[in-house]
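Derivation of every value follows stated rules applied to the coordinates shown; laboratory data play no part. Keep in mind it's a predicted model, so treat the numbers as computed, not measured. Every residue, glycine among them, receives a Cβ derived from its backbone with ideal geometry; neighbour counts consider all protein chains shown.
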């Protein structure tokens, strides 16, 4: 390999990493947490900590009466059935005023659960992962997409830059000085989890094909009246028929569910929706679960509400199957605990790879420019601290706020779930301000903060819900016990690192009061 | 129960296989053996054992979870195993000394 090619790759790897590192760390961190979004939801929404759902649920007994009282005049209503990971069912309807209403219900009794007062991981962490919560012109999606393309470039250039390290595979020397140990960790996490990092990034980009390539559908379906709609119908299924404005009835939903499940060789349905309830043209949509397949292949069957006869059956076409399979690998919607934990660990390895890349850049600059004014490096260091330890501390502060805010907390028109999220943003901002003031010492300070926040979150969960780790284990609330266990490990690890950072001191620190 | 045991077999085979790959690299061999020199038949012998172990891990993964989940599981377990071996070499290299003896005896036998 030519010398100049290697140099070009090093340049590319360094600067792309520096520019995209902050976004990539945020995406990787939130993505890693998203692996356990259901479990975090249970932790953050204590009312949904229910015992495992019953094996058979009668929709006729559970939902039909509920719809008759709650969803009067609704243009559609339905139920998201519970799963092992999501023990509550979600009853939803579109109200006559057009608003979409969702209520969590207890699948054992049909009772409505109280408002959670928290967006949970599904409402905050998952959307952060793919859209950064920047909704203006879908800018967040595009930033994540650009960062993902950058990640692929970084992985390829990283293999070229660090190619000699492959001969020293398995090498990790934590006892060496910081730059050496950091580079070892960067290479190790980068190399061992390379297949995962490459695939997860690639599938992430493919997942959002209709955001990044909307014109593809327009082009392929240009003869259709509604190209985008035809594309979605062909790709994801769908069946519509208009209102007849004559009254009609609804036969047994349970019978339709049994029929659908038989057609999917025993796979249970996950989602049932009645369109135009009460109309003679009403129809029922039943969708299959993702829990037992790697792919997000859609199985959809539409029944006539009045007769229970099948109107339309949709199964994903072969081309779309590829996209759905890759999406499935990314989404990990299936039930596979070993893989879920491995995804989580590989995600953490990705976070470590990005963070150590940053630290190595800073250390290299610190030595090269020792004693000279380096305002830019100072800014990069503050950004780095905020985007690594800062976002971790902010996430833990979100959990602490989740347990501290009273159930009816609000500020003006801002409800409890928004307040929680404001705490996240505020702590992140404070972390950045703190890092710009404290320079290198901010690493240690914020690591202490992470340790303190992690233990506080576990303590508050025990105090406010009574489900301290042992009680959660006894009540078989695995999700709560699992989140607590990871929090305790995070706390312990943060304390160990903080103590070590303190012992090591900060020998390379530039004047902290800033000559830059 | 059987599922858990099969998972343990997948993980253990992957870990030992990765450890054997590490031992095929002279610096790691020296660190584990605690003496200068290279593994006997270096690097082919430890690598051959490694390939057998990793293949066993793959076969059990495919049997346990089928072709789709099995292969994904195997790739992910390999990553975790490689990281675990690196950590072992960094902090507790002597725990792998038994493997050094195994390669030695395979050489003599």
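Among the residues of A:175-188, the average count of other protein chain beta-carbon atoms within 10 Å of the residue beta-carbon is 1.
What Kirkwood radius, in Å to one decimal, follows from the Cα pairs of region B:2-108? Could the numbers behind the result be given before it?
Values: mean 1/r = 0.0712 Å⁻¹.
Here the Kirkwood hydrodynamic radius works out to 14.0 Å.
Taking 7 Å steps out from each Cα toward its Cβ at residue A:271 and residue B:84 produces label points 3.7 nm apart. Computed from Cα atoms, the angle from the helix A:178-192 axis to the main principal axis of chain A rounds to 30 degrees. Region A:436-493 and region A:246-285 have Cα centres lying 44 Å from one another.
When you count, for each residue, the other Cβ atoms within 10 Å and take the mean per peptide, how do A:308-315, A:27-34 rank with the highest first? Display every interim value, and only then the final one.
Working: A:308-315: 15.0, A:27-34: 23.5.
Put in order of decreasing packing, that is A:27-34, A:308-315.
Can you give the Kirkwood hydrodynamic radius of region A:232-275 from its Cα pairs, in Å with one decimal?
Working: mean 1/r = 0.0777 Å⁻¹.
Result for region A:232-275, one decimal place: 12.9 Å.
Hey, what angle do you get for helix A:416-438 against the long axis of chain A, alpha-carbon based, 0 to 90 degrees rounded to 10? It is inclined by approximately 10 degrees.
Between residue A:56 and residue A:474, how high is the FRET efficiency from 1/(1 + (r/R0)^6) when r is the Cβ-Cβ distance and R₀ = 25 Å? Nearest 0.05.
Details: r = 27 Å, r/R0 = 1.08.
With a Förster radius of 25 Å, E is 0.40.
Normalise the Debye intensity by I(0) for region A:1-113, one equal point scatterer per Cα, no solvent, then take log10 at q = 0.11, 0.19 Å⁻¹ and round to two decimals. Debye intensities relative to I(0), on a log10 scale: -0.55, -1.00. Each residue of region A:311-440 gets 230 Å³ once the volume of the Cα convex hull is shared out per residue.
Its Kirkwood hydrodynamic radius, worked out from the mean inverse distance over all distinct Cα pairs, puts region A:369-516 at 16.9 Å. Computed from the C-beta positions of residue A:433 and residue A:492, the FRET efficiency with R₀ = 35 Å rounds to 0.80. Translational diffusion coefficient of region A:66-200 (Stokes-Einstein, Kirkwood radius from Cα pairs, 4 °C, 1.567 mPa s): 66 µm²/s.
Taken along its principal axes, the alpha carbon cloud of chain A reaches lengths of 84, 56, 42 Å, longest axis first. Placing a label point 7 Å from the Cα of residue A:315 along the Cα-to-Cβ direction, the residues of region A:284-307 with a backbone N closer than 12 Å are A:298-300.
How much mean residue ellipticity at 222 nm does the protein assembly as shown get from its helices, if each DSSP H run of length 4 or more adds -39500 (n - 2.57) and you divide by all residues, to the nearest 500 deg cm²/dmol? It would help to have the intermediate numbers written out before the result.
Values: 24 runs with 383 residues, N = 625.
Result for the protein assembly as shown, helices only: -20500 deg cm²/dmol.
Two numbers describe the Cα atoms of region A:292-378: Rg and Dmax, which are 24.9, 83 Å. Quick one: helix A:194-207 against the long Cα principal axis of chain A, what's the angle to the nearest 10°, folded into 0 to 90? Its long axis makes an angle of about 40 degrees. Counting neighbouring beta carbons within 10 Å and listing from fewest to most, the residues A:422, A:275, A:136 come out as A:136, A:422, A:275. Projected over all directions and averaged, the alpha-carbon convex hull of region A:62-109 occupies 3.2 nm².
For region A:124-179, the fraction of C-alpha pairs farther apart than 14 angstrom is 69 percent. Look at the alpha carbon pairs under 8 Å that are at least 6 residues apart: their mean separation over the length of region A:369-516 gives a relative contact order of 31 percent.
What's the average, rounded to a whole number, of partner chain beta-carbon atoms within 10 Å of each residue's beta-carbon in B:60-67?
Numbers: counts 0, 1, 0, 0, 1, 4, 1, 1.
Average per residue, whole number: 1.
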